[in-house]
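Novice: One structure follows; several queries about it will come next.
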Amino acid sequence: MKEAAVEALKRKGWEVTVSDLYAMNFNPVISRNNITGKLEDPGNSQYPAESVLAYKEGCLSPDIVAEQKKLQATDLVIFQSGTLHFCGFQVLEPQLTNSTGHTPEDVRIQILEGWKKRQENIWDEMPLYFAPSSLFDLNFQAGFLMKKEVQDEQKNKKFGLSVGHHLGKSIPMDNQIKDRK
């Protein structure tokens, strides 16, 4: 799928940069190795605060800095997995393809052709809707739950906020569903 996306986007005139983090042996686990400078509080290291400071001071590991620079220079990012709305990205509908190793070759070709076609019109796609973080109590001890006043406000509404926050109700029309009749 990666090669199909690269081919389709290049055919449309886009410059494409691929970061294959698996091939690069990129370590996704946060650790002290991500920070090249001194810790502000080494006896009580708080990774989120330390990493923000390291970012501001230019003390993140070179592999992280290289990937950040790629992201800063891009207009479109395609991930094979992951949801990044809460990191500030607009997220498009995922392209789900399962068990390609067990899929007949003619079906795999159809899947790839559909993926290439999607790339041709990717700029026309609407990002998925996510309930904004302001609707939640962003407190670790509170469990990151939806605020009570938001829950109360949603009680009498016909539809839930989104697929992920349906609140036991129907999914909002024209939101994260393929069939838009």
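The values are calculated or read from the model by the stated rules, or taken from the named source; none is laboratory data. For clarity, every value in this text was computed on a predicted model and none was experimentally measured. Note that we place each Cβ from the backbone using ideal geometry, even for glycine, and neighbour counts take in every protein chain shown. Accessible surface is based on the protein model in full, side chains and every heavy atom, while ligands, DNA and RNA are left aside. Shrake-Rupley method; radii C 1.70, N 1.55, O 1.52, S 1.80 Å.
Novice: Across region 1-29, what is the total count of residues that are under 23 Å from the mean Cα position of the chain (by Cα), part of a loop (DSSP other than H, G, I, E, B) and within 30 Å of Lys117 (Cα to Cα)?
Specialist: Adding up the residues that qualify gives 12.
Novice: Can you find a residue in region 81-95 that is among the polar types (S, T, N, Q) and in a helix (DSSP H, G or I)? Don't jump to the end; show me each part of the working.
Specialist: Step one: list which residues in region 81-95 are among the polar types (S, T, N, Q), which gives 81, 83, 90, 95.
So of that shortlist, the ones also in a helix (DSSP H, G or I) come out as none.
No; the residues of region 81-95 include none that is among the polar types (S, T, N, Q) and in a helix (DSSP H, G or I).
Novice: Another question about this same structure. Under the condition of being part of a helix (DSSP H, G or I) and aromatic (Phe, Trp, Tyr), which residue from region 96-130 is surrounded by the most Cβ atoms within 10 Å (Cβ to Cβ)?
Specialist: Trp115
Novice: Search region 30-60 for residues being under 22 Å from the mean Cα position of the chain (by Cα) and at pLDDT 90 or above, and hand back the single one that is surrounded by the most Cβ atoms within 10 Å (Cβ to Cβ).
Specialist: The residue in question is Leu60.
Novice: Separate question: Applying the selection to region 5-27, what residues are acidic (Asp, Glu) and in contact with a helix residue (DSSP H, G or I) (Cβ under 7 Å, 6 or more places away or on another chain)? Show your work before the answer.
Specialist: Within region 5-27, the first condition is being acidic (Asp, Glu), and the residues that meet it are 7, 15, 20.
Glu7, the sole residue that qualifies.
Novice: Regarding Gln90, is this residue free of Cβ contacts under 8 Å to residues at least 60 places away in the same chain, loosely packed, with under 14 Cβ neighbours inside 10 Å, touching a Leu at 6+ places or on another chain (Cβ under 9 Å) and not basic (Lys, Arg)?
Specialist: Working: free of Cβ contacts under 8 Å to residues at least 60 places away in the same chain: yes; loosely packed, with under 14 Cβ neighbours inside 10 Å: yes; touching a Leu at 6+ places or on another chain (Cβ under 9 Å): yes; not basic (Lys, Arg): yes.
In short, yes.
Novice: Exactly one condition in (1) open to solvent by 70 Å² or more (accessible area, probe 1.4 Å); (2) assigned to a helix (DSSP H, G or I) is false for Val65; which is it?
Specialist: With (1) open to solvent by 70 Å² or more (accessible area, probe 1.4 Å); (2) assigned to a helix (DSSP H, G or I) applied to Val65, the lone miss is (1).
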